[in-house]
1. Compute the distance in nm between two label points, each set 7 Å from the Cα along the Cα-to-Cβ direction, one at residue 48 and one at residue 431.
2. Can you give me the accessible area per residue for the stretch 120-163, using a 1.4 Å probe, in Å²?
3. With respect to the cross-link table entries 597/631; 445/557; 588/749, which display a Cα-Cα separation exceeding 19 Å?
4. Going by average Cβ neighbours within 10 Å, how do the peptides 344-354, 7-17 rank, with the highest at the top?
5. Expressed as a whole number of Å, what is the distance separating the alpha-carbon centroids of the stretch 3-70 and the stretch 438-458?
6. Given a 1.4 angstrom probe, I'd like the percentage of the accessible area of the chain that is carbon and sulfur, rounded to a whole number.
7. Just one of [x] 38.4; [y] 36.0; [z] 50.3 is mean projected area of the Cα convex hull in nm² calculated from these coordinates, so which is it?
8. Between residue 160 and residue 38, take the C-beta separation as r, use R0 = 45 Å, and let me know the FRET efficiency to the nearest 0.05.
Amino acid sequence: MKLFFKLLAVLLIVGLLAYITAEFLMEFWWFRSLNLGAYFVLRESYEWLVKIGTTLLLTSLVYLNFSYMPRALSLHKESDIKGLLAFLQRNKKLLWLISFLVVMPLLMPVYTHWERFLLFYFGAKSELVDPVYAKNISFYLFSYPVYALIQKELLWVFGILLSLVSFLYFVFYRKHKQQLQQFPRAAKLHIAKILAILVLLQAWSIALERIEMLYEDRHLPVFFGPGFVEMNYHLPLIFLSFLLFLATAIATVYSLYTGKKYTLTVAFGIAYLLVFTIKQVDGIPNMIDDYYVDPNPVKAEAKYIQYHIKATSDAFNFADVTVKNYTIAPALTPAISNEIKSELANIPLWDNDLLLPVLEQLQSIRPFFSFYTVAADRYELGGKNHQVNIAAREMDYQSLATEAKNWRNRHLIYTHGYGMVMSPSDQLANQPMQWLINNFGQDIKFDKLRIDRPEIYYGLAKSGYAIVPNTESIGQEDKISGDMDTDYQGTGGLPLSSLVTKAVAAIFFQDQRVFFSAGINNDSRILVRRNIYKRISEIAPFLMLDSDPYPVLVDHKIYWIVDAYTTSQLYPLVMPVTLTGKDEIAEKFNYARNSVKVVIDAYNGSVDFYVVDDKDPLIRTYQRLYPGLFKEFAAVPKPFIKHFSYPKAWFALQMRMYSRFHQTDPVIFYQQSEALEFSSMDDKPVEPYYLTLDIEEQENVENIEQQKFILVGPLSPVGRDNLDSLAIAGCLKALHCMDHYQDDIFIYKFPKDVQVEGPGQISALMSQNPDISRQFTLWNQRGSGVIRGRMIVVPVEHTLLYIQPLYIKASSEEGFPNLVKVVVAMNRHTAMADSLAEAFKILYGKIMAAENPVSMPVSEPELSN
């Protein structure tokens with residue numbers, strides 16, 4: 001039986017070691033397959049260096065204190081050293097173990113936050129300072145969290161050490177009282193040194209309170225950070241308590257060793273306790289609030305509100321915001337009309353959430369394919385910019401029949417998506433969908449859109465590992481039919497050409513079929529972490545990822561682009577938020593930058609991190625920390641640059657913050673009299689949308705460069721329907737956005753003395769048109785539902801054109817939206833037609849007739865090609 005248990009123990013140890021080894025090898029091989037092997041070793045080394053280093057340091061500290069005790073007791077005869085004292089002196093290894101067990105539970109916060117020490121060491125300076133203490137923001141991002149962590153850890157360690165050492169000295173002294181006429185002086189000094197360190201650590205804690213005060217939240221929802229009471233009452237008390245605490249400690253030590261100045265020590269002690277008590281009592285600050293701050297809130301808090309505004313503006317990069325007065329042209333002229341018509345070809349008439357079910361119905365084709373997202377992008381085709389909707393056709397394993405959901409199908413057969421679809425943004429109503437790329441045959445309108453590698457092995461699908469190529473491949477004569485031919489010829493994943501690799505993979509995935517399957521051959525490769533989110537997060541877990549990745553077609557290959565953010569919760573004076581503003585479970589932060597664009601090859605799985613904001617101290621710190629992981633913007637292949645877009649979630653967050661914090665006057669901010677919000681329609685906020693538009697800001701630039709791919713967000717006064725301004729974001733100031741990325745924001749501010757209708761008001765105006773209202777009634781009587789699309793506000797030549805697409809959806813479950821009409825509005829006139837160009841032609845005629853009621857009909861300018 002003993003032999004059995006020994007064998008069992010050996011097998012368990014061998015199995016555990018085999019799993020740990022397999023996990024390490026699999027991780028290393030995976031990173032090496034991405035040319036990141038050195039980065040993986042460096043990251044793992046950093047982690048263990050911090051963990052082992054801090055463990056050794058604190059364990060040695062405790063051990064040295066324990067091992068010093070026999071010497072401090074001055075028991076030199078061998079016969080005097082007995083019991084626990086003898087144990088401490090003779091069992092060094094066991095004493096090391098006890099010291100380790102004492103500190104290990106205390107080190108859990110260090111093990112969890114090991115990267116903070118590295119950020120502190122490699123931390124880059126910021127260009128920003130806090131408005132209260134004028135400290136560089138890098139102090140709060142990198143130094144303060146480490147100082148706070150060290151202070152708490154050391155306070156715990158020395159507190160426990162003081163208790164244990166004092167207790168053991170007391171026990172030893174009682175036991176050896178005959179040999180020790182009095183308590184040894186060395187033991188007193190030992191305890192005094194530990195106590196002195198505790199005093200310094202507590203003084204450090206008091207000093208850090210002035211930093212903690214910058215994260216005060218009691219003034220919400222008005223502002224975040226310290227106010228009048230904190231800065232004029234609590235802050236002086238913090239300084240005073242710090243000085244009195246140190247003075248009390250010094251006076252106490254002096255009195256104990258000299259026997260003098262007891263009165264001074266007592267006085268300092270009483271003064272410190274008095275200040276400490278006053279700090280804990282809310283009565284005085286409440287009186288200050290009641291009798292000074294509350295009756296005069298703006299006067300009392302103005303300076304601190306200004307601090308909050310300044311810090312928030314810096315934290316969310318409002319330096320990129322430029323306000324431009326945008327006057328509205330009094331009349332629509334033929335010249336303006338022609339300019340508007342030149343922009344109509346790129347107006348997106350399909351909402352992405354409405355287009356997705358259309359693609360599912362018309363372009364999935366096979367039951368195991370699906371579309372997870374639709375994105376807006378632009379491509380230069382035929383010498384012109386074309387805004388398009390684009391989506392990747394990916395594998396949807398869950399849609400397979402139940403009997404088809406087995407290991408062979410999941411990992412060897414149904415391994416990849418196939419191709420993509422692309423449609424121009426401008427569509428014709430009551431016509432079949434126009435395509436630029438469609439069907440499995442990849443029907444294309446331009447050779448530039450040819451896809452040489454349509455297989456998608458890496459994407460948004462939550463797929464497990466795939467083993468390709470393999471002998472289970474479904475052979476097809478037509479290689480572009482969309483069937484599951486797994487004749488993979490890429491470089492992604494890990495080769496399974498040896499038994500060792502197979503064994504390691506089988507142990508890692510805890511699946512013996514990886515080792516024994518006859519379908520795997522010497523050319524097979526195992527592709528792992530194929531979901532692009534998991535892939536990026538495994539490489540760079542410190543980056544926050546945007547929720548809207550988008551596929552792009554570059555050099556006849558499919559890639560994914562994901563926006564990544566560097567974030568922190570430690571920016572002073574700024575209230576923490578989430579990226580969407582809705583998900584309370586999501587990670588909160590109060591500083592962010594869209595510093596990185598991640599490019600993933602959908603066929604080979606390569607991952608490249610490109611830095612697009614080199615002013616961000618966080619990303620510069622990570623570049624120092626992990627050299628070789630991030631690439632400079634100059635390394636971005638030129639064809640990708642024009643596909644880098646301003647992320648919608650980041651823009652929406654910035655505008656939600658800007659809607660309040662553009663009120664830089666503390667009086668106005670306190671009153672929120674000029675607060676804004678995203679314009680609403682049908683009681684729902686209008687989400688930002690992409691446009692390809694000439695923003696009229698640059699001259700002497702070729703047309704293809706003048707047209708910018710921008711995000712647009714209409715803003716209205718809080719609780720009002722009229723339009724206050726239009727926010728647009730993108731590469732706006734740079735002359736050559738085809739080879740340069742820049743994130744600018746313009747705020748087109750409308751005159752306050754002019755009523756500018758918002759989306760909701762225009763929607764109501766459209767409903768009042770008898771022709772449109774009559775058509776709505778007719779459609780609803782046919783058993784179909786009318787869906788009114790988003791309201792698109794297009795600024796052109798100091799005029800605003802409002803566009804709303806209309807869809808019909810059958811009431812059956814299989815029904816999907818169809819574009820049936822386009823409604824346009826301007827100058828309180830509306831028109832409806834099957835195409836945007838035709839609708840604007842009718843609208844132009846109405847406006848000209850209204851402005852020239854007596855004159856002859858105005859000839860319509862020719863449509864731009």
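The values are calculated or read from the model by the stated rules, or taken from the named source; none is laboratory data. Keep in mind that what you see is a predicted model, and the values were worked out from it rather than measured. Cβ atoms come from the backbone with ideal geometry, glycine included; neighbour counts cover every protein chain shown. Only protein heavy atoms, including side chains, enter the accessible area calculation; ligands, DNA and RNA are left aside. Shrake-Rupley method; radii C 1.70, N 1.55, O 1.52, S 1.80 Å.
1. Taking the simple label geometry, residue 48 and residue 431 are separated by 6.5 nm.
2. 44 Å²
3. 588/749
4. Put in order of decreasing packing, that is 344-354, 7-17.
5. Each part reduced to its Cα centre gives a spacing of 47 Å.
6. Its accessible area is 58 percent carbon and sulfur atoms.
7. [z]
8. So the FRET efficiency works out to roughly 0.65.
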